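*Asks:* I have a structure here, written as structure tokens, and I will follow up with some questions on it.
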Amino acid sequence: MNEKYNLPDDAVKAFRNVIEDIKRNRITVTSQKSFNSKRTFKDWDFKTKWNHSDVQRAANFIISLPDNDALAFWRYVGAGSAACDNIPKLHVAFSSEGKQVKDHLVEILTKD
């Protein structure tokens, strides 16, 4: 039992495992910092609502990106002023190869 927070030993162990996972995956954070989003995303307008062809182009684009870049692109879409309109459309969109964006993102986030 942890005396300071009155936590059972298994909770303390689980928390330490989370900290170790964060330390082990620090390379992901570093590579996202070095990502040049201005150069890669310069052709994208995150301020306007996307039409069907824009969503299709975005779906193809996000599926084609490396994992860290795909998550960065998703973050930029979500930070845009039209995010409330664009995120739901992109979330359910399929790429030209037939892969759904939400499945692709889940796959990225659940990799070991």
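The values are calculated or read from the model by the stated rules, or taken from the named source; none is laboratory data. What you are looking at is a predicted structure, and each value in this text was computed from that prediction instead of being measured. Cβ placement follows ideal geometry from the backbone for every residue including glycine, while neighbour counts extend to all protein chains displayed.
*Asks:* Need at least 3 residues that are more than 30 Å from Asp21 (Cβ to Cβ) and of a type outside the set (Gly, Ala, Ser) per element, so show me which helices (runs of 4 or more DSSP H) inside segment 46-112 make the cut, counting only ones lying wholly within it.
*Replies:* It comes to 52-64, 83-91.
*Asks:* Could you please find all residues in segment 62-82 being surrounded by fewer than 16 Cβ atoms within 10 Å (Cβ to Cβ) and touching a helix residue (DSSP H, G or I) at 6+ places or on another chain (Cβ under 8 Å)?
*Replies:* Asp67, Tyr76, Gly78
*Asks:* Show the residue pairs meeting these rules: Cβ distance below 8 Å; 6+ apart or different chains; first residue within segment 100-112 and farther than 15 Å from Ser64 by Cβ; second residue part of a loop (DSSP other than H, G, I, E, B).
*Replies:* Lys102/Val92
*Asks:* Based on what the data block shows, is Lys47 modelled with pLDDT of 85 or more and surrounded by 11 or more Cβ atoms within 10 Å (Cβ to Cβ)? Before the answer, list the steps.
*Replies:* On the way: modelled with pLDDT of 85 or more: yes; surrounded by 11 or more Cβ atoms within 10 Å (Cβ to Cβ): no.
For Lys47, the condition - modelled with pLDDT of 85 or more and surrounded by 11 or more Cβ atoms within 10 Å (Cβ to Cβ) - is not met.
*Asks:* Please find, within segment 89-99, the residue that is farthest from Thr48 (Cα to Cα) out of those that are surrounded by 11 or more Cβ atoms within 10 Å (Cβ to Cβ) and either of a type outside the set (Gly, Ala, Ser) or free of Cβ contacts under 8 Å to residues at least 12 places away in the same chain (or both).
*Replies:* Lys99
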